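Data first, discussion second: the structure below is written as structure tokens.
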Amino acid sequence: MTTPLPNIMDLTLKELQQSMSLLGEPSFRATQIHQWLFSHHATSFDNMTILALALRTKLSETFTIFRPEVVERYESFDEACDHRTEKILLKLSDNNLVESVLIPSEERMTACVSSQVGCPFQCSFCATGKMGLRRNLSAGEITEQVYALNNMVSAKEPGRTITNIVFMGMGEPLLNTDNIIEAIETLGTRNYRFSLSQRKVTISTVGVIPEIQRIAKSGLKTKLAVSLHSADQQKRESLMPIAAKQYPLKDLGKSLAEYTASTGIPVTIVYMLLKGINDSLDDAKTLARFSRSFLCKINLIDYNSIINMNLRPVTSAARELFQQYLVNAGLHVTVRKSYGTTINAACGQLATPSLHAAQR
Ligand code: SF4
């Protein structure tokens, strides 16, 4: 049986440069090939007419080109606010599946993308965590999610493109930081099909401290959102057992203070309100104390139910009381409306029954 050729889409630009050097080619060829793959969307090496025939032949003997395929599309419509959310299921070269979500609004077209197949952290409220970690996504697989969503946008509304990216899909982005940064460069700084500003990109994390420090030093201008869900160490451990024990709140708070001091970029503290668990005024007080030590805004979100879980969302009256306490404590608080719950596209819902069934 012949071994399948590696997928060239999985190489970073630097890895492509190393491959060119092994093939005896100058480094600028790697840039040309990368552009043909990610800017011109070449599906075959024969499309790369800028390259000599001998090199195209060499490339097709060494690599294959595989792009994730959209195998399912789901759409939900929230009549109350005239809001549509779309979710796609993408099949990867090894038959693994990931989900990506398009969140349109009048001013923005936000792509919510996955960074891993599954996730190792197993937070109690999250469907993705139930899958365990299968693998990291390559930079190409991350980039292609954005392109796939962008194709949907331009097919429906010619002239519009993705304007914002949030790494809040399946997986923990800061366990795959290299590929996240590579994808951000392809989608932004390299000036290919998009030239998306880093300020329009939000990386979400459960608080992987060494990687937060690395992002702070990297000079990236992206935004950081930290899924906190409780500012009480014990409670946080009950909700996010692995992440909370590995990255305790006292260290996380210190690292966020250093991050905001060195970047000047405020952090978003994401807090999912769970009825009877983290929604009391004492919880709000603990959260206010934790959040005062660094530049931040607090984003309250409602729990979106997933199957086989006993957790419940709070009432809007309870949310308003919680929010008011924080506002009175001098904090900047926003409430994130959840869209796409009917298609399991909202926060914590990715890795749906359809995905589990498809992967069985
Ligand atoms: S909430 Fe995020 S970190 Fe936790 S299990 Fe889900 S994907 Fe992983």
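The values are calculated or read from the model by the stated rules, or taken from the named source; none is laboratory data. Computed from a predicted structure; not experimentally measured. Virtual Cβ from ideal backbone geometry, glycine too; neighbours counted across all protein chains shown. These area figures cover heavy atoms from the full protein model, side chains too; ligands, DNA and RNA do not enter into them. Shrake-Rupley method; radii C 1.70, N 1.55, O 1.52, S 1.80 Å.
Counting only C-alpha contacts under 8 Å and six or more residues apart, can you give the relative contact order of segment 69-359 as a whole percent?
In percent, rounded to a whole number, it is 18.
Rounded to the nearest percent, how much of the accessible area of segment 103-248 (1.4 Å probe, protein heavy atoms only) is carbon and sulfur?
Its accessible area is 48 percent carbon and sulfur atoms.
Which value, in Å² rounded to 10, gives the accessible area of T43 with a 1.4 Å probe and all protein chains present?
100 Å²
How many percent of the accessible area of segment 8-62 is carbon or sulfur, using a 1.4 Å probe?
Solvent-exposed carbon and sulfur of segment 8-62 make up 54 percent of the total.
What does the helix-only formula give at 222 nm for the chain: each DSSP H stretch with n ≥ 4 adding -39500 (n - 2.57), the total divided by the residues, and the result rounded to the nearest 500 deg cm²/dmol?
-10500 deg cm²/dmol
Using only the Cα atoms of segment 69-359, each taken as one equal point scatterer with no solvent, compute I(q) by the Debye sum, divide by I(0), and report log10 of the ratio at q = 0.11, 0.16 Å⁻¹.
The calculated log intensity ratios at q = 0.11, 0.16 Å⁻¹ are -0.62, -1.40.
What does the net charge come to around I277 if you take all other residues with beta carbon closer than 14 Å to its beta carbon, with K and R at +1 and D and E at -1?
My count for the surroundings of I277 gives -1.
Just P241, P173, P68 to compare: in a GNM of the chain, with alpha carbon springs under 10 Å, which one fluctuates most?
P241
So which of K87/K235; K200/K297; K250/K275; K130/K285 end up more than 23 Å apart by C-alpha?
Correct reply: K87/K235; K250/K275; K130/K285.
I'd like the distance separating the alpha-carbon centroids of segment 152-197 and segment 219-291, in whole Å.
25 Å
Among all the lysines, which ones have a C-alpha under 22 Å from K14's C-alpha, if same-chain residues fewer than 8 places away are not counted?
Output for K14: K58, K217, K221.
With the other protein chains left in place, how much accessible area per residue, in square angstrom, belongs to the chain at a 1.4 angstrom probe?
Details: 16090 Å² over 360 residues.
Heavy-atom SASA per residue in the chain reads 45 Å².
Report, in debye and to the nearest 20, how large the dipole of the chain comes out about its Cα centre when Lys and Arg carry +1 and Asp and Glu carry -1 on their Cβ.
With Lys and Arg at +1 and Asp and Glu at -1, about 640 debye.
Choose one answer from G118, G171, G253: the residue with the largest mean-square fluctuation in a GNM of the chain with alpha-carbon springs under 10 Å.
G253
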